[in-house]
Amino acid sequence: KNEVEQSPQNLTAQEGEFITINCSYSVGISALHWLQQHPGGGIVSLFMLSSGKKKHGRLIATINIQEKHSSLHITASHPRDSAVYICAAWPGNQFYFGTGTSLTVIP
Amino acid sequence: KAGVTQTPRYLIKTRGQQVTLSCSPISGHRSVSWYQQTPGQGLQFLFEYFSETQRNKGNFPGRFSGRQFSNSRSEMNVSTLELGDSALYLCASSLRIGVSQETQYFGPGTRLLVL
């Protein structure tokens, strides 16, 4: 049983499209992180959420604590957004990671 | 400011050997956490260190251990290597303790191959 589930696993979009990646978790959390991993392995932390919504440029992350669900939105997608997006739940003592969503944005 | 650095970047070992990986956090950061990434299991949390003390630990056997020095640099050791330990090992640093409450800055990783 996975504590964190992501959907979809793979996503292909045309440049300019609005993209949504979903993350559901079964553990009680104190925070949820969204990470971006580019080919080659480098990981960048995009957001850390404990409630509500955060926005950074074209990226928006939301979390609904009651429903144990978070979404990552990318507006006006661009080929440089192509990467694997991973959500990670922190219930207080360790991270539980989703399996990642592989996004490809086609010009 | 220099980012998180990890050494070595690539490593080949044989079963039964042990290995030590090093992580230097961003200057001023006091928390270091370690992660294992494999194609089969994805990313998994190993442990977090702050002020030379292990604060949180994932579900890994005792063969995986770590330590943190007074300058916040951290090492991770894996003893009696198994084929399944082949992975990308990542470390991340943050300013203060609290993986949950702090933005994590990741290093480039050490790719370990166990033959």
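The values are calculated or read from the model by the stated rules, or taken from the named source; none is laboratory data. All values reported here derive from a predicted model rather than from experimental measurement. All Cβ positions, glycine included, derive from the backbone under ideal geometry; neighbour counts span all protein chains shown. When the accessible area is computed, the model is the full protein with side chains, heavy atoms only, and any ligands, DNA or RNA have been set aside. Shrake-Rupley method; radii C 1.70, N 1.55, O 1.52, S 1.80 Å.
What's the buried accessible area, both sides, between B and A using a 1.4 Å probe, rounded to 100 Å²?
Working: alone 6100 and 5680 Å², together 10290 Å².
Summing both sides, the interface buries roughly 1500 Å².
Starting from the residue with the highest accessible area, list A:Met48, B:Met76 in decreasing order, probe 1.4 Å.
If we order A:Met48, B:Met76 from most to least accessible, we get A:Met48, B:Met76.
In chain A, what percent of the accessible surface is made up of carbon and sulfur (1.4 Å probe, ligands and nucleic acids excluded)? Don't jump to the answer; show the numbers that get you there.
On the way: 2470 of 4930 Å².
Ligands and nucleic acids excluded, carbon and sulfur reach 50 percent.
Express the accessible area of chain B per residue in Å², computed with a 1.4 Å probe while the remaining protein chains stay in the model.
47 Å²
Ignoring ligands, DNA and RNA, please state the percent of accessible area on segment B:22-115 from carbon and sulfur, probe 1.4 Å.
On the way: 1840 of 3840 Å².
Summing carbon and sulfur atoms, their accessible area is 48 percent of the total for segment B:22-115.
Could you give the size of the charge dipole of segment A:1-63 about its Cα centre, using +1 on the Cβ of each K and R and -1 on the Cβ of each D and E, expressed in debye and rounded to the nearest 20?
Approximately 240 debye in magnitude.
Where does the protein assembly as shown land on Rg(C-alpha)/(2.2 N^0.38 Å)?
Numbers: Rg = 17.3 Å, N = 222, 2.2 N^0.38 = 17.1 Å.
That ratio works out to 1.01.
List the residues of segment B:43-82 that lose 50 Å² or more of accessible area once all protein chains are present, compared with their chain alone (1.4 Å probe, heavy atoms only, no ligands or nucleic acids).
B:Leu43, B:Phe45
Taking only Cα atoms and a 10 Å spring cutoff, compute GNM fluctuations for chain B and point out the largest among B:Glu102, B:Glu75, B:Glu52.
Among B:Glu102, B:Glu75, B:Glu52, the largest mean-square fluctuation in the Gaussian network model of chain B belongs to B:Glu102.
How much solvent-accessible surface does A:Lys68 expose, in Å² to the nearest 10, with a 1.4 Å probe and all protein chains in place?
70 Å²
At what distance in angstrom do the alpha carbon centres of segment A:27-44 and segment B:37-115 lie from each other?
So the two Cα centres are separated by 15 Å.
When chain A is treated as a GNM, springs tying every alpha-carbon pair under 10 Å, which of A:Gly41, A:Gly28, A:Gly16 comes out with the largest mean-square fluctuation?
A:Gly41
Running a GNM on chain A with Cα contacts under 10 Å, which residue among A:His69, A:His56, A:His33 ends up with the highest mean-square fluctuation?
A:His56
Just need the Rg to Rh number for segment A:48-101, please, alpha carbons only, Kirkwood Rh.
Looking at segment A:48-101, the ratio lands at 0.98.
Rounded to whole Å and ordered largest first, report the semi-axes of the equivalent ellipsoid of chain A derived from its Cα gyration tensor (root of 5λ).
23, 14, 12
Roughly how many Å² is the accessible area per residue of chain A, as a whole number, for a 1.4 Å probe?
Per residue, chain A has 46 Å² of solvent-accessible surface.
P(r) tail for segment B:9-115, what percent of Cα pairs lie past 16 Å?
Beyond 16 Å sits 54 percent of the P(r) for segment B:9-115.
Which residues of segment A:79-101 bury at least 30 Å² of accessible area once all protein chains are present, versus their chain alone (1.4 Å probe)?
A:Trp90, A:Asn93, A:Gln94, A:Phe95, A:Phe97
Less than 17 Å apart at the alpha-carbon level, and either on another chain or at least 8 residues along: which lysines does that give for A:Lys68?
Correct list for A:Lys68: A:Lys1, A:Lys53, A:Lys54.
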